[in-house]
Amino acid sequence: MSRQTDEVARRRTFAIISHPDAGKTTLTEKLLLFGGAIQAAGAVKARGEQRRARSDWMKVERERGISVTSAVMTYDYAGKTFNLLDTPGHEDFSEDTYRTLTAVDSAVMVIDGAKGIESQTRKLFEVCRLRDMPITTFVNKMDRESRDPFEIIDEIEQNLAIDVTPASWPIGMGRHFLGVYDLIHDQLILMERTSRDGMPLEGEPCDGLDDPKLDEMLPEDAVITLREQVEMARGLCPPFDREAYLEGTLTPIYFGSAINTFGVRELLDGLVVAAPPPRPAPAAARPVAPEETKVSAFVFKIQANMDPKHRDRIAFVRLCSGHFKRGMKLKHSRSGKMLNVHNALLFLAQDREVAEEAWPGDIVGIPNYGNLRIGDALTEGEDIRFTGIPSFAPELLQTVRPKDPLKAKHLGKALQQLAEEGAASVVKPMIGADWIVGVVGALQFEVLADRIRTEYDLDVLFESTTLYTARWVSAPTDAELKGFVDSNRSSLGEDHDGDPVFLARNAWHLNKAEEDYPGIGFAKTKEHVEGGRDS
Ligand code: G4P
């Protein structure tokens with residue numbers, strides 16, 4: 001096996017999707033604990049203030065106690081290299097989450113055992129489904145009063161239209177939660193309640209569910225229920241089928257309690273065996289296979305101000321093929337320029353280090369290279385256009401202006417950068433002085449105002465508009481586009497790439513324009529592509 005095949009086979013690049021509060025942060029910490037990426041649970045268990053100081057860089061996050069930034073955590077476990085991409089949980093930042101999901105090969109869906117499928121779980125699940133992504137389910141908080149496991153399985157099947165197969169089965173719940181029976185390795189794993197920071201007990205291998213050991217180790221009623229329920233579950237659920245899992249039509253389900261580090265090892269072991277190594281990356285001409293020897297990569301996220309001590313911007317890049325080495329010259333497809341990548345960063349649990357090398361599936365951060373935008377490709381020469389990296393219809397529009405009118409130009413620059421980063425859509429109306437900013441969630445306006453204040457030293461005012469929606473305009477020919485633009489200047493603006501955007505005052509206004517100009521396209525979103533003109 002070549003080194004590359006070997007390294008590719010070792011990679012597991014995944015994200016955790018969940019509704020806020022289901023336990024994603026806790027599970028992440030425990031996964032890192034198993035990965036040896038952190039020393040003792042206590043070191044990361046610090047909650048509240050301390051935890052925020054460590055992981056949430058932005059001031060807004062500290063004030064609001066939500067995690068806006070997302071990061072990458074790399075750790076090794078059982079001979080595999082895991083790249084765990086953190087996704088912000090708050091609804092208002094789902095745009096970022098969606099883009100992060102374009103950079104992973106599988107996902108772990110965390111569900112609160114008492115709450116089942118929640119709105120955000122469903123949304124994120126749908127994004128994974130669009131990409132036929134394999135999903136592993138972890139039902140968390142089994143140490144609390146939870147729903148019946150059959151009810152949870154049924155809810156997933158009904159709500160998400162995916163087959164479910166139990167990988168472990170819970171024994172009791174809430175105060176009576178004793179542990180799980182591992183259906184893959186046939187072992188009984190009991191939960192120790194006394195120490196939350198310690199490693200869980202080793203499982204007790206069993207000779208199937210009829211093993212008399214179970215009668216010795218568990219109370220009588222618990223064994224009876226376990227045997228009955230597993231028999232029923234085996235009758236009702238399909239057996240594990242890796243192909244179906246890889247196609248995203250079947251999810252193995254684990255039960256556990258992240259806070260008690262319980263069920264986490266089984267989940268990780270499951271990912272080691274079943275989760276896919278890097279998959280081919282969709283691109284315009286052909287999918288790019290991870291085994292290809294030339295380096296190719298795409299930017300899926302740009303983040304500013306990760307470290308308040310340094311005013312840096314980092315482009316997060318997913319490697320799709322080849323063997324990246326420090327100092328390599330890569331072609332930036334959009335500009336055609338060569339880029340000497342000598343300071344790419346790898347992200348360990350709590351640290352960053354300079355990447356000497358990286359393989360397909362790895363995520364590196366390229367700092368302070370202002371021209372990189374979401375969707376951009378970096379290659380060893382070939383012009384590749386990666387596809388499927390979404391941009392979202394800005395559903396909320398506000399005007400923004402500087403408190404000091406003399407700073408308008410300064411604001412323009414800040415908005416341009418924020419738009420390039422993907423933090424918001426920015427439109428400069430063809431007529432009028434104010435900028436229009438479009439976002440997906442209302443909280444983003446506050447985040448933007450705060451960032452413009454801290455990063456660009458500018459106080460700004462956001463004000464509501466009477467605008468209904470923004471649409472990217474396209475036409476089959478330049479002449480048709482010009483004709484449309486010339487007759488509709490008062491309803492048009494340009495985005496940060498200089499592409500025309502139609503600003504509709506209300507639904508009727510949009511409908512009328514669509515009727516009057518049947519040849520013109522009015523796109524809700526603009527896929528991030530080189531030049532930004534292909535939408
Ligand atoms: P999130 O990232 O998905 O938003 O969830 P997070 O891990 O922050 O967990 C949300 C809350 O649920 C936290 O409690 C956390 O301690 C708790 N939790 C996580 N896993 C489990 C579990 O297995 N069992 C139980 N009983 N609780 C769990 P909190 O009170 O909001 O925060 P904190 O005071 O514990 O920091």
Q: Search the stretch 1-26 for residues being more than 11 Å from residue 111 (Cα to Cα) and aliphatic (A, V, I, L, M), and hand back the single one that is nearest to the ligand (Cβ to nearest atom).
A: 15
**Q.** Which numbered condition residue 178 fails, given (1) open to solvent by less than 20 Å² (accessible area, probe 1.4 Å); (2) within 16 Å of the ligand (Cβ to nearest atom)
**A.** (1)
Q. Restricting attention to the stretch 426-460, and to residues there that are part of a helix (DSSP H, G or I) and among the basic types (Lys, Arg), which single residue is surrounded by the fewest Cβ atoms within 10 Å (Cβ to Cβ)?
A. 453
Q | Selection within the stretch 327-363 - over 26 Å from the mean Cα position of the chain (by Cα) and open to solvent by 60 Å² or more (accessible area, probe 1.4 Å) | A | 329, 337, 338, 340, 342
**Q.** In the stretch 461-511, the residues that are open to solvent by 20 Å² or more (accessible area, probe 1.4 Å), outside any loop (DSSP other than H, G, I, E, B) and in contact with a helix residue (DSSP H, G or I) (Cβ under 6 Å, 6 or more places away or on another chain)
**A.** 462
(Q) Cβ-Cβ distance below 7 Å, separation of 6 or more or different chains: which pairs start in the stretch 129-142 with a residue that is in contact (Cβ under 8 Å) with a residue 60 or more places away in the chain and end on one that is within 10 Å of the ligand (Cβ to nearest atom) and open to solvent by 40 Å² or more (accessible area, probe 1.4 Å)? (A) 141/114
Q. When the residues of the stretch 100-142 are filtered to those that are farther than 28 Å from residue 321 by Cβ and in contact with a Gly (Cβ under 6 Å, 6 or more places away or on another chain), which remaining residue is farthest from the ligand (Cβ to nearest atom)?
A. 139
Q | Candidate set from the stretch 215-227 (those that are over 36 Å from the mean Cα position of the chain (by Cα) and under 20 Å from residue 254 (Cβ atoms)); member that is surrounded by the most Cβ atoms within 10 Å (Cβ to Cβ) | A | 218
Q: May I ask you to list pairs of residues, at least six apart or on different chains, whose Cβ atoms are under 8 Å apart, with the first in the stretch 417-431 being at pLDDT 85 or above and the second being of a type in the set (S, T, N, Q)?
A: 419/425; 424/444; 425/391; 426/416; 430/490; 431/490
Q | Meets criteria (among the aromatic types (Phe, Trp, Tyr) and surrounded by fewer than 20 Cβ atoms within 10 Å (Cβ to Cβ)) for residue 150 | A | yes
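The values are calculated or read from the model by the stated rules, or taken from the named source; none is laboratory data. Keep in mind it's a predicted model, so treat the numbers as computed, not measured. Quick reminder, even Gly has a Cβ in these numbers, built from the backbone with ideal geometry, and neighbours come from all protein chains shown. These area figures cover heavy atoms from the full protein model, side chains too; ligands, DNA and RNA do not enter into them. Shrake-Rupley method; radii C 1.70, N 1.55, O 1.52, S 1.80 Å.
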